[in-house]
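Report on the structure given below.
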Amino acid sequence: MAETLTHKIIIEHLVSGDMATGSEIAISMDQTLTQDATGTMACLQFEAMGIPRVKTQLSVSYVDHNMLQVGYENADDHRYLQSFASKYGLLFSRPGNGICHQVHLERFAVPGQTLLGADSHTPTAGGMGMLAIGAGGLDIAVAMGGGPFYLSMPKVVLVRLNGSLPPWVAAKDVILGLLRRLTVRGGVGKVMEYGGEGIASLEIPERGTITNMGAELGATSSVFPSDEVTRAYLKAQDREDAWKPLSADPGAVYDEVVEINLSELVPLAAQPHMPDRVVPVAELAGTKVSQVCVGSCTNSSYRDLVRVAAILEGKMVHPDLSLTISPGSRQVYEMISESGALTTLISAGARILEAGCGPCIGMGQSPAYGGVSLRTFNRNFEGRSGTQNAQVYLASAEVAAATALTGVITDPRTLGKPPQVAQPREYLADDRMIIRPAARPEKVSIQRGPNIVPLKPQEPLQDDLKARVLLVVGDNISTDHILPGTAKVLPYRSNIPAISEFTFEGVDASFVARAREWGGGILVGGNNYGQGSSREHAALAPAYLGVKAVIAKSFARIHRDNLINNGILPLTLVNEADYATLAQGDELQIDNLHSSLRSGQTLIVRNVAKGRGIVVRHGLSPRQVDVVLAGGLLNYTKLGGKTKA
């Protein structure tokens, strides 16, 4: 039988389950990836499991998010992560070595292998032919301990690329065009598998840009074949032995097919405040901009930065704006230095930041009050930049460079002939900033600062659930809305009591006080609730505040899994019209919850105050029911995969 590339990788790693679309399957993980914003909690959870050593082929702990050190918290947590990696068998990528996805693509991605990462943009490695999936920290902790990863068998969508990109049109425009067509919900429950003649014209960094932003589609993963382009990149990284050819079989059948003619694309940009509000840059031309930021795991490769430098050569950044450059890795930083591109950028007036996530997660470089910022990043959710009323646009590195010169959003095609940038035949392969684990782990002491607070065990879910509606929110609520990821909040990622104080801060400042006064409660959301980051804290903090269930029109995949893993019941409205009947303060009740969850897929939620019932669907597998009833995955794992409920 002819198989898709996605199916081939899943078949090779299948542990249990039926590969019918929507059925729960379990797959083994070859590699894991953690970073310091979400991985700290994953490490604490791994310790709580009592497993002496990671059991994957490769696990890497990166420090790339919380690099801004204005207090002891981030520095202390970095020491904790380094000592944890040394003791438990992980590689440790030191602060300054680069963004996890850029470094992993350069140094560790292997075609045909599986990767689970505590970051929603983990599918970046799909540009190398990996099946790379983002998940919450607890799922990564289980995978590091040798456990499989459970997911619903996704649909596989063929994105057939034809033709080649015109001058000034970039890989960023490919994924922005797809977001424009499919929206931020268009990839939910799907793997986007790229094929067609057009892929041969895309280098690995370009493919990585496309698979990176597949996360904004809500896709489970995105993947390119491993071909001669892959081989050339691995050879240039001195890793050719990791290469193997891998592609779909001729005649493979897909659940859906999307056709994209690369030759017809134009420069595109996403408008505030959603990655799918995409229009041609030409329609935005002339919009005054106060800040341009180049970088993030989407567009911080050597190729991106050298192109920006070539556009800025001999010129000066417009006096009315600030341009920042964040190299994706130490490798990129050193190579733009050696090539002279770094000098060009500095001479043009760019502000050079360290190799890390930085502005993308609101870790510095927040725009001015009400300012307009054009960024090469992947998300422009309201407030994510650190300035609540900033207007953030997303575009390619080429658009960013053109805008930096003119002070207004500019179609780069107006600049004339584009500069030509050749793919390096050899990259600087220097792994000295990656520390190997201790040869004698028993001699290593874990270093814990005062900001590292032990996990509070969750209570099992009660049989008769009665609680008030704490908050009603609309569609496309992101994890940034639920729990911000800015410089003010992220230092408390290993301290759930402290970080919970910021829950829904930008949505309703009275939420935390109300949750405490009411002893917890239930949340109500619209479509695509919990989109965006894999930030497990967006489930951990509500659970700490006593949230027992979330009722929504639909959920984003990772956040729904995180709710389950933390003992919060995700319920989907069968009739979306019932959403309008729910209000803050309503008292809701579910009787005989345990037996109801086990006996069928639907439940009746009684609105006590209004004397009516609404039908909801839980959609949980028998295993997930056990996880929720146990009070979350950690309790479930400690019980040996069983529940006392």
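The values are calculated or read from the model by the stated rules, or taken from the named source; none is laboratory data. Keep in mind it's a predicted model, so treat the numbers as computed, not measured. Because the Cβ atoms are built from the backbone with ideal geometry, glycine has one as well, and the counts that use them run over all protein chains shown.
Tabulated data for the structure shown
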quantity: Members of the stretch 620-645 that are surrounded by fewer than 14 Cβ atoms within 10 Å (Cβ to Cβ) and either in contact with a strand residue (DSSP E or B) (Cβ under 7 Å, 6 or more places away or on another chain) or within 15 Å of L569 (Cα to Cα) (or both); calculated: P622
quantity: Single unsatisfied condition, E259 versus (1) under 23 Å from the mean Cα position of the chain (by Cα); (2) closer than 26 Å to A282 by Cα; (3) part of a strand (DSSP E or B); calculated: (1)
quantity: Any hit, the stretch 114-133, residues being of a type in the set (S, T, N, Q), farther than 30 Å from A400 by Cβ and crowded, with 24+ Cβ neighbours inside 10 Å; calculated: yes
quantity: Failed criterion for A515 (all others in (1) surrounded by fewer than 20 Cβ atoms within 10 Å (Cβ to Cβ); (2) part of a helix (DSSP H, G or I) hold); calculated: (1)
quantity: Qualifying residue in the stretch 424-437 (condition: under 30 Å from Q531 (Cα atoms) and either charged (D, E, K, R) or assigned to a loop (DSSP other than H, G, I, E, B) (or both)); calculated: no
quantity: Flag if P111 is outside the structural domain of G532 (by TED's automatic domain parsing), touching a Lys or Arg at 6+ places or on another chain (Cβ under 6 Å) and not aromatic (F, W, Y); calculated: yes
quantity: Complete set of residues in the stretch 490-508 that are closer than 22 Å to G364 by Cβ and either in contact (Cβ under 8 Å) with a residue 40 or more places away in the chain or among the β-branched types (V, I, T) (or both); calculated: L490, P491, Y492, R493, S494, N495, A498, I499, G506
quantity: Unique residue being touching a strand residue (DSSP E or B) at 6+ places or on another chain (Cβ under 8 Å), among the charged types (D, E, K, R) and surrounded by fewer than 18 Cβ atoms within 10 Å (Cβ to Cβ) when the list is R557, R617; calculated: R617
quantity: Residues being crowded, with 19+ Cβ neighbours inside 10 Å and assigned to a loop (DSSP other than H, G, I, E, B) - total across the stretch 474-488; calculated: 7
quantity: Selection status of A609, at pLDDT below 95 and touching a Pro at 6+ places or on another chain (Cβ under 6 Å); calculated: no
quantity: Spans of strands (runs of 3 or more DSSP E) in the stretch 559-645 with at least 1 residues more than 28 Å from V142 (Cβ to Cβ), in the same structural domain as G474 (by TED's automatic domain parsing) and free of Cβ contacts under 8 Å to residues at least 24 places away in the same chain; calculated: 602-607, 612-617
quantity: Residue check, D227 closer than 30 Å to Q31 by Cα, touching a helix residue (DSSP H, G or I) at 6+ places or on another chain (Cβ under 9 Å) and not polar (S, T, N, Q); calculated: yes
quantity: Residue among P319, P267, P327, P280 that is at pLDDT 95 or above and under 22 Å from P123 (Cα atoms); calculated: P327
quantity: Any hit, the stretch 238-251, residues being under 18 Å from T122 (Cα atoms) and either hydroxyl-bearing (S, T, Y) or in contact with a Lys or Arg (Cβ under 8 Å, 6 or more places away or on another chain) (or both); calculated: no
quantity: Qualifying positions in the stretch 235-286 - in contact with an Asp or Glu (Cβ under 9 Å, 6 or more places away or on another chain), among the hydroxyl-bearing types (S, T, Y) and farther than 30 Å from D431 by Cβ; calculated: Y254
quantity: Boolean, S478 is closer than 24 Å to M41 by Cα, hydroxyl-bearing (S, T, Y) and out of contact with any strand residue (DSSP E or B) (no Cβ under 9 Å at 6 or more places or on another chain); calculated: no
quantity: Answer residue from the stretch 489-498, given it is out of contact with any Leu (no Cβ under 7 Å at 6 or more places or on another chain) and over 16 Å from T387 (Cα atoms) and is surrounded by the most Cβ atoms within 10 Å (Cβ to Cβ) among those; calculated: R493
quantity: Matching residues, the stretch 543-560, being at pLDDT below 95 and among the charged types (D, E, K, R); calculated: R557
quantity: Subset of the stretch 539-558 that is among the small types (G, A, S) and assigned to a helix (DSSP H, G or I) - its residue that is farthest from I604 (Cα to Cα); calculated: A541
quantity: Those residues of the stretch 355-412 which are part of a loop (DSSP other than H, G, I, E, B), of a type outside the set (A, V, I, L, M, F, W, C) and within 19 Å of T479 (Cβ to Cβ), in sequence order; calculated: G362, S366, N378, R379, N380, E382, G383, R384, S385, G386, T387, Q388
quantity: Near pairs, Cβ below 6 angstrom, 6+ apart or cross-chain, from the stretch 440-463 (outside the structural domain of S494 (by TED's automatic domain parsing) and modelled with pLDDT of 90 or more) to any residue that is among the basic types (K, R) and surrounded by 11 or more Cβ atoms within 10 Å (Cβ to Cβ); calculated: P441/K87; V444/K87; Q447/R79
quantity: Lone unmet requirement of (1) within 27 Å of P166 (Cα to Cα); (2) assigned to a helix (DSSP H, G or I) for I346; calculated: (1)
quantity: Flag if P437 is under 20 Å from M49 (Cβ atoms) and loosely packed, with under 15 Cβ neighbours inside 10 Å; calculated: no
